[in-house]
C-alpha cells in the first residue's frame, strides 16, 4: 500500500537527497498533499531505476529519460507515462543541478538552416510576431529553401527562380488544402521580402508566389446569437474557482471581442481600475488600451478576489484552476467556450465566433462599421465587413409576400 502522506514516501538511491526539496517545491506551487504523494513516488521510482542502471542524476539524459518512460509503461504504471508527465520532476532536478539540461538542438550548419534561423530572428525581433506564428513561418521557409534546386557555387539562393517558386507551390498543393497552402504562401512571401531586405537577392520576388484559389461564400448565420451568449454565460458555476475564471474569460470574449490569444495574453497588471480600461496585446505585437465594460470588469474583479491563486508566481491574469498555477493557453481559452456551449445545450462553437457575435450585436444596435472596426482592432474596415453578415431570421420582416400568395 503506497504511503498517502508525502513526507512518508521513502526515496532510496541517488536522488534521495532531493526528496525534501522536491516536496517543498511542489508545496510552493500549490500541489495538494495527494498530488505531492504521487510525485514523490515518481521520484522514488526514477531513483530506483537509476540505481539499477548504475547511474546517478547526471545520467538523466534525454535518451535515458525516454528509456525510463518505456520501462514504466512496460511495468503497467498508470501515471507519468510521458515526457510531459515527468516535466515537473525533471524541471526541479535540472534547476537543482541534479540532472543535465536538455540536449541543445543541433545548430543549423547548412545554408538553409542558417537562413531559416536568421528569418526567425527577424520575425521575432523586427516584426514582433508571436512564437507560434514564428514557428509556422520558419517551418514553411525551411521546406521552401530545401526545395530549391542546387545552385552550384552561388549557394542555395542561386536556384531561386520564378519557376522554382511555382514548382514548390504546385508540389505543396497536391497534398494541402487551399487555406493551408495560402498560409505557406504568406510565409514564403515574407521570407522573400526578408531576403531582399538583407541584400541576399536583388529583387523581392514575393509577387512571383501565386495564391491558391479558395473561393467560399461567407456564412449567412452565426451559431452564437444574443440568447445563446446569455445561456453560455449563465452556464458558468460561479461558486467554483474554475467557474469564476471561465465567466470572466467569456465576458471578455463576448463584450470586447477579444481573440483567444489576446485573452490568454492578458496580465494582471493590464487593467487600470480607476480609468476602467484594459491593455489588449494583439497581433503583431500591437498593444491598445480599450475601455473595459463594467460587467466584464466586475467579472474579472470577482475572479481576482475570490478565485485567482494569490500565491501564484505568474503575472498572467488567467491561470489554471489546479496546481501548478500556470497561465492558460489560447487553446485552453477555446476549450472554455466549447465546455460552456455544451453545458448550455448548444452546438460547440469557437472563441472566434464570440468575437463575431460581439460585432453582430453592435451592428444590430446601429453602430457604424468604423466603430465595430475600432472594437475589433482591425487595420482595414474591409476585414470588419466580414463580421457583420445578416442572419436569415432578420430578413423575414424585409421580405414581401409572393404575388398571388394567399393571405
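The values are calculated or read from the model by the stated rules, or taken from the named source; none is laboratory data. The structure displayed is predicted, hence computed values, not measured ones. Every residue, glycine as well, gets a Cβ built from its backbone with ideal geometry; the counts of neighbours run over all protein chains shown.
What the table below lists for this structure:
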quantity: Residue 63 being part of a helix (DSSP H, G or I), out of contact with any strand residue (DSSP E or B) (no Cβ under 7 Å at 6 or more places or on another chain) and surrounded by fewer than 13 Cβ atoms within 10 Å (Cβ to Cβ); calculated: yes
quantity: Pair list, Cβ under 7 Å, 6 or more apart: the stretch 151-175 residue at positive phi, other residue at pLDDT 85 or above and not in a helix (DSSP H, G or I); calculated: none
quantity: Any pair with Cβ under 6 angstrom, 6 or more apart, that starts in the stretch 124-137 at a residue that is assigned to a loop (DSSP other than H, G, I, E, B) and ends at one that is exposed (fewer than 14 other Cβ atoms within 10 Å of the Cβ); calculated: 128/284; 128/285
quantity: Only one of 174, 91 that is closer than 24 Å to residue 329 by Cα, exposed (fewer than 15 other Cβ atoms within 10 Å of the Cβ) and out of contact with any strand residue (DSSP E or B) (no Cβ under 9 Å at 6 or more places or on another chain); calculated: 91
quantity: Only one of 245, 238, 274 that is assigned to a loop (DSSP other than H, G, I, E, B), touching a helix residue (DSSP H, G or I) at 6+ places or on another chain (Cβ under 8 Å), within 21 Å of residue 305 (Cβ to Cβ) and at pLDDT 90 or above; calculated: 238
quantity: Set 331, 385, 370, 314: member being at pLDDT below 85 and within 21 Å of the chain's Cα centre (by Cα); calculated: 314
quantity: Checking residue 121 against (1) assigned to a helix (DSSP H, G or I); (2) loosely packed, with under 11 Cβ neighbours inside 10 Å, the condition it does not meet; calculated: (2)
quantity: Scope the stretch 305-331; condition in a helix (DSSP H, G or I) and crowded, with 16+ Cβ neighbours inside 10 Å; matching residues; calculated: 330
quantity: Index of the failed condition, residue 205 passing every other in (1) on the phi > 0 side of the Ramachandran plot; (2) at pLDDT below 85; calculated: (2)
